[in-house]
Amino acid sequence: MTAVEPAAELVVTDIIVGGMTCAACVRRVEKKLGKLAGVTASVNLATGLARVSHPADVAPESLVAAVEQAGYQAALPVREDDEESAAADGEEAESRRERERLTVTALLAVPVLVLSMVPALQFRDWQWLCFVLAAPVAVWSAWPFHVRALRGLRHSTATMDTLVSLGTVASFTWSAYALFLGGAGGPGMRMSFSLLPSASDGGAHLYLEAAVSVPLFVLTGRFLEGRARRGTGAALRSLAELAAKKVTVRDELGEHSIPIERLRVGQTFVVRPGERVATDGRVTRGTSAVDLSLVTGESEPVEVGPGSALVGGAVNAGGLLLVAATAVGADTRLARITRLVTEAQAGKARAQRLADAVAGVFVPVVLALAVTVLGFWLGAGANPQAALTACVAVLVVACPCALGLATPTALMAATGRGAQLGVLVRGPQTLEALQQVDTVVLDKTGTLTTGHMTVARVTALPGALGQETVVRLAGAVEQGSEHPIGQAVTAYARRTGDGGPPPDVADFAAVPGHGVSGRVDGLMIEVGAPDGRLPHELATALTAAEAAAHTPVLVRVDGRAEALIAVGDVLRPGSYRAVDRLRRLGIRPVLATGDRAAPAEAVAAALGIEEVHARCTPEGKAALVRELRRGGARVAVVGDGVNDAAALAGADLGIAMGGGADVAIGAADLTLARGDIEVLVDAVRLARRTLGTIRANLAWAFGYNVVTVPLAMVGLLDPMVAAAAMSASSVLVVANSLRLRGWQPSGSRGRTRGGKAVVR
C-alpha cells in the first residue's frame, strides 16, 4: 500500500503589481501565476495587489518573475513603515505625471476639437495646424497606451490599452493619408461635424478629432478614476496614520523618547493630554477620558483610570496617563484592524470572479469584432471611411475597465466605511453571507449583556437615610471585599458619589456566604444576603430582582433594613434596539447561553426573544448551529468567549464582539470592534447596500458594452463620442462605489465627520 504524502504547507505572499489597466490585465496575471505548481492568486485592480497562495518551496522571487513574464511590473512589499512612505511618494509622483500629461494633452487637443467641430472657424489650411497639434497627442500623450499594447503583443495578449492604441493609431494614420494622398490637404478644404459618422463628399475625411479625443478622454477618465480609487482607500490610510512613530517612556533614568519599534511589552510610557496612545496597554496611574472614534467608531469618550485597558491610536482627551504596554507591533489591536481591512479589500465577490472570467476573453473578442466590421463594410461596398469609422468606434467604445473596477472599488469603500463604524469584515464572502443570513444565534454574557456584575437597581426606604447616603455607606464597607458583587457595589458608589474619597471603615468583617460588615461614621453597616422579614417596599424589590435573575443585596444600618441593591449582569444599552431592528430586517433571533435558565429566560423576556437555549456547552452550541442549518436556515453566530469559538467556526457566518477572547475573534468572519451589539444591524444593512452597489456596477458595466458595441458596429457611433462614453463608464462605476463612503446607519442620533459620530 502506497503511503499518501501530506499536502505541502501553503503560505500567502502579497505582490505589488504595476501596469494593470483593466480586468483583462487582472485575468492575465492570475492565469500566469496559476500556471506555477500549487499556486493560486487573487489580483485586485483597485489596489494593484496580488494575494498569492503558494507552497513554501516556491520562492516569492519566482512569483515576481512570473508576473514580469506576463508583461507587468512586480515587487515584494518592503518593511511596513517604508512601504507606507514609498507608496505615498509613488502615488503622489504618479498623480503628478498623470496631471502633467493630461494638461499638455488638453492644451493640444482642444483647438483640434474646436476647429473640427465648428466649420465657421475653419480658416485657410486649418487642417495642417490640426495635424501639427494632433501629432504629439497621438504619439506622446498616447505613449503609455502604445507601450503597454506592444508589451502585451510580445506576450501574445491584448488589454484595454491595445484597443486605445489601435483606435488612436488608426485614426491618426488615416488622417495622415487623407492629408498627404487623399486630397484633404488642399487650402480650401472644409469639414462639417456630426455626432453620427458620415463620409465626406470628394476628398477623404479627416479623423484628427478622434485621434486626439481618444487619448484626451481616456486620460481624463483614468485621472478622475485614479483620484476616486485613492479616495476609496482613505479609511485604510487613516488607520495607518493612527500608528505612532515615537513614544515617551518612563524608567529609572526618567522620561525619554524612543522609536515605537524599540518599545517592549511591560515598559511604561507616558500619554499627555491631546496625544495618541502609542500602543495597547493598561493604565497604571492617572485618570482621563479617551476618544476611540477613529479606532472603534465609539462616538463618546470613555473614562479610564488605573487598571483600564487602552487601545493604541486612541486620543487622550483629559489628564496625564502612565500606561504599561501589553502589546506592540503586529500584535496590537490597531494592527489587527488594519490587517482585517487590507485582507477584505484584497478579496473578490463571486460576481467579480465571473466578470474577470468574461474580461479574459473580452479584448480578443472586441478585436475580432472590429476586424469583422471593417471587412463587412468594405465587402458590402461601403465607403472606406465609413468602414474605418465603424472599426475605430468598436475599438474605442468597448470597455473592460468598468468590469474590473465594479467590485474592488465598492469593497474598498465599504470596508473602509465599516472600519470607521466599528465593523471589520474578512472579505467579500463575509458580505455575501451577511446579506443572506435569516437566523442569528446570540450569546448572552458579554454579547447581549455587559459581561460583568453591575448594580441594576437600588431601592431605599422612603423617609430614612436616603438612597445616596445608603449607597455611599455600603460602598465604603464593600471596598474591603474581593467578591465581584462587592466590587460592583463599590464601583457604583464611586460613580454616583460626589467624587470624594470613601469614608473610613472600622471593625471590618467578612463572613463567607453571608456578606460584610463594618462601622462607618459611627454607624454599623451590614451588606449581605436578605434574611428575615422585610418592609413592603424592599420585599417588592426582592421579588423583582429574583424575577430578573439578579442577585439581591440587603443593606442594614444599625440592624435596620434600609435598602436593597439588585446586582447582576445587566443588558447592554443597545441590545433592545438591536434585537428589534434585526427582526425588522427579517432575521430571527435565537438566544443560546451556558448560563442558568432563569437569567437566560429573563434576558429573553426583556428583549422579546422567543427561542432560548440555556446551559449550552460549547459542543451544544455547535450542535444547535448544525441543527438550524440542516433545517434550511442561514445562520450567523454572535459571541465573545472561548466557549463560542466552535459555534462561530461552524456557522454560515461567525461574528465576534471586539472586546472578546482572541480565539473567538480568530474564528469569526466579522468583528464588531466597538463591542456594541447594535452595530450588527449596521453591518447587515451595510452588507446589503454594498452588494446592491456591486450588482449595479456590474449591471452598468455589462449593459454599457451590450448597448454601445452594437451601435458602433452598425456605424451609429462617432469615435469621439465613443471615447467619451468609454471613459465615462469607468468613472461612473467608481463614483457609484464612492457613495458608500458617506453611508449612514439608520436611526443614528448624529452625523459623522471623518468617521467620528457627532452626538447631539
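The values are calculated or read from the model by the stated rules, or taken from the named source; none is laboratory data. This is a predicted model, so every value here is computed, not measured. Counting neighbours? That spans all protein chains shown, and the Cβs are built from the backbone with ideal geometry, glycine included.
For the reader, a short list of remarks on this structure follows.
- Qualifying residue in region 224-231 (condition: more than 33 Å from the chain's Cα centre (by Cα) and either at pLDDT below 85 or more than 30 Å from Thr105 (Cα to Cα) (or both)): no
- Scanning region 519-529 for residues that are in a strand (DSSP E or B) and more than 18 Å from Ala488 (Cα to Cα) yields a total of 4.
- Unique residue being crowded, with 24+ Cβ neighbours inside 10 Å and closer than 30 Å to Leu219 by Cβ when the list is Ala70, Ala50: Ala50
- Subset of region 366-383 (residues that are in a helix (DSSP H, G or I) and closer than 12 Å to Gly715 by Cα): Ala370, Val373, Leu374, Phe376, Trp377
- Residues (of a type in the set (D, E, K, R), touching a residue at least 60 places away in the same chain (Cβ under 8 Å) and surrounded by fewer than 21 Cβ atoms within 10 Å (Cβ to Cβ)) located in region 561-590: Arg572, Arg577, Arg581, Arg588
- Helices (runs of 4 or more DSSP H) contained in region 647-760 and holding at least 3 residues more than 30 Å from Ala327 (Cα to Cα) and at pLDDT below 80: 719-738
- Of all residues in region 114-165, those satisfying the criterion of being assigned to a loop (DSSP other than H, G, I, E, B), at negative phi and touching a residue at least 12 places away in the same chain (Cβ under 8 Å) are Val118, Gln122, Arg124, Ala142, His155, Thr157, Ala158, Thr159.
- Summed over region 605-629, the residues that are out of contact with any Gly (no Cβ under 6 Å at 6 or more places or on another chain), surrounded by 15 or more Cβ atoms within 10 Å (Cβ to Cβ) and closer than 14 Å to Thr593 by Cα give a count of 9.
- Residue in region 516-524 that is closer than 28 Å to Glu303 by Cα and at pLDDT 85 or above present: no
- Residue, surrounded by the most Cβ atoms within 10 Å (Cβ to Cβ), within region 426-472, restricted to residues that are acidic (Asp, Glu) and under 46 Å from the mean Cα position of the chain (by Cα): Asp443
- Scanning region 89-109 for residues that are farther than 23 Å from Gly19 by Cβ and touching a residue at least 24 places away in the same chain (Cβ under 8 Å) returns Ala106, Leu108, Ala109.
- Exclusive hit being among the aliphatic types (A, V, I, L, M) and outside any loop (DSSP other than H, G, I, E, B), set Ala184, Ala109: Ala109
- Filter result (under 26 Å from Glu601 (Cβ atoms), surrounded by fewer than 19 Cβ atoms within 10 Å (Cβ to Cβ) and of a type outside the set (Asp, Glu)) within region 531-547: Leu534, Ala539, Thr540, Leu542, Thr543, Ala544, Ala547
- In summary, Ala510 fulfils each of the numbered conditions (1) in a helix (DSSP H, G or I); (2) free of Cβ contacts under 8 Å to residues at least 40 places away in the same chain with the single exception of condition (1).
- Among the helices (runs of 4 or more DSSP H) confined to region 530-619, the ones with at least 1 residues that are touching a helix residue (DSSP H, G or I) at 6+ places or on another chain (Cβ under 6 Å) are located at 575-584, 597-607.
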